[in-house]
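Working notes for the structure below.
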Amino acid sequence: MKGVPTPEHLARVQSTLPANGTAPLKIAMVAPPYFDVPPPAYGGIEAVLADLSNALVDLGHQVTMIGAGRDGTRARFWQVWDRAVPERLGEPGPEIIYATLTRRVVENLAAAGEVDVVHDHTFAGPLNAPAYDAMGLPTVATVHGPVDSELRGYYQTLDRDLSLVGISRRQRSLAPELNWIGVVHNGLCPADWPFQREKKDYALFLGRFSPDKGAHTAVHAAHAAGLPLILAGKCAEPAEQKYYAEQVEPLLGPNDQMIGIADAALKRELLANARCLLFPIQWEEPFGMVMIEAMICGTPVVALRRGAVPEVVEHGVSGLLCDDPAELPAALRAVSELDPAECREQVVRRFSDERMAVGYVQAYRAALAERRRPRLAGRAGRAMARAGRLTSAGER
């Protein structure tokens, strides 16, 4: 599968793309290079990618996972690097190099007629969208992080070269001018997670050690409720270690326990046994994967009403939502009255891997249909249209 697509091939692809209907799609799934898919421990994006890819395959679609490290899904696997590089997370170099290499893979897939749409989950990868467009391929990017930051300008610059999928309605509402093509909530495979009705008497904080995640608030709330707290999560980078040492560790009491990163097995054990997941988020959380991981185990969530939390947790059913940290201790005492079976049912019904896959298929078909619509000629024309000097049916 070598070579660059010929003009004849591109014309053929554009005339036969399954933009509508039920025809199976050929999807190039571009994973970040930092963790295996699925990850052995930390790696929320990679966990979602694994479940999404497997569910798409189960629905009859052809998925080619483009990534680093090991082959861990039912999709076809094209290895870009022989190992994942978690130690280089945050460096610009790997992003740029990896984006260039993945573009060559997509070119090969396109030349062989093995791709209809590119679904990119990396930071630099969307810069390839104009090149993919020239091959007759739309690029769909899931926005895994917040858009009320410099990322907003980044996606604005890419404009209509890129079709964006939000992971919550709240996330999308913070930058409504971007080229959103849909909202698809994250999901997981329910069969991969245990259910446990009987709980032990501790609250669990599970997340990165960052002020945004609110571990310090979790400690205060658990102590006020007289409840032991177990803390688990990523605490490897200097900023995370500084935050933990200065704002969390001094607060810990003799009944609290700091575990650090929990692997897949330990995470499931901790979630299944906890009285509740304590999620005192301090920022515009775009989704909060750990919440549905808790709920699928039958464990309710006690959280602050921030970001997408109200979209994920149904107050009084799968958790208790608080408007102020001072309300958290009372919620911690009351949360054991919620039904674990209802918590799990919420995830099975609303956040399953199959539901997520169906949502993305709709997004892929929408991106394919959007690409077929008439467009203004060139970036200059689009810029004029945005300035109000030119209009076209191809512009929304």
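Output yes when any residue across segment 260-270 is surrounded by fewer than 20 Cβ atoms within 10 Å (Cβ to Cβ), farther than 18 Å from residue 39 by Cα and not charged (D, E, K, R), and no when none is.
Within segment 260-270, none of the residues are surrounded by fewer than 20 Cβ atoms within 10 Å (Cβ to Cβ), farther than 18 Å from residue 39 by Cα and not charged (D, E, K, R).
Let me spell it out: the conditions are (1) more than 24 Å from residue 89 (Cα to Cα); (2) of a type outside the set (Lys, Arg); (3) not in a helix (DSSP H, G or I), and residue 221 meets all of them except one. Which number is the exception?
It is condition (3) that residue 221 fails.
Could you identify the single residue in 129, 134 that is assigned by TED's automatic domain parsing to the domain that holds residue 358, at negative phi and touching a helix residue (DSSP H, G or I) at 6+ places or on another chain (Cβ under 7 Å)?
Just a single option satisfies the conditions, and that option is 129.
Mind checking which residues of segment 43-58 are in contact with a Lys or Arg (Cβ under 8 Å, 6 or more places away or on another chain) and either outside the structural domain of residue 70 (by TED's automatic domain parsing) or not small (Gly, Ala, Ser) (or both)?
54, 57, 58
So for segment 291-306 (the condition being of a type in the set (Ser, Thr, Tyr) and more than 14 Å from residue 187 (Cα to Cα)), does at least one residue qualify?
Checked against the condition, which is being of a type in the set (Ser, Thr, Tyr) and more than 14 Å from residue 187 (Cα to Cα), segment 291-306 yields at least one hit.
Could you check residue 41 against (1) outside any loop (DSSP other than H, G, I, E, B); (2) within 20 Å of the chain's Cα centre (by Cα); (3) at pLDDT below 95 and say which number it fails?
Going through the list (1) outside any loop (DSSP other than H, G, I, E, B); (2) within 20 Å of the chain's Cα centre (by Cα); (3) at pLDDT below 95, residue 41 breaks only (1).
Given the options 390, 376, name the one that is in contact with a Lys or Arg (Cβ under 7 Å, 6 or more places away or on another chain), farther than 17 Å from residue 184 by Cβ and modelled with pLDDT under 95.
Matching residue, one of 390, 376: 376.
Quick one: residue 216 ticks every box in (1) within 24 Å of residue 343 (Cβ to Cβ); (2) not in a loop (DSSP other than H, G, I, E, B) except a single one, so which number is it?
(1)
With a cut-off of at least 3 residues that are of a type in the set (D, E, K, R) and loosely packed, with under 14 Cβ neighbours inside 10 Å, name the strands (runs of 3 or more DSSP E) lying wholly within segment 57-135.
The strands (runs of 3 or more DSSP E) meeting that bar number zero.
Residue check: is residue 329 touching a helix residue (DSSP H, G or I) at 6+ places or on another chain (Cβ under 8 Å) and at pLDDT 95 or above?
Against the criterion (touching a helix residue (DSSP H, G or I) at 6+ places or on another chain (Cβ under 8 Å) and at pLDDT 95 or above), residue 329 qualifies.
The values are calculated or read from the model by the stated rules, or taken from the named source; none is laboratory data. Small disclaimer: the values here were computed from a predicted structure and weren't measured. Neighbour counts run over all protein chains shown; Cβ positions are idealised from the backbone, glycine included.
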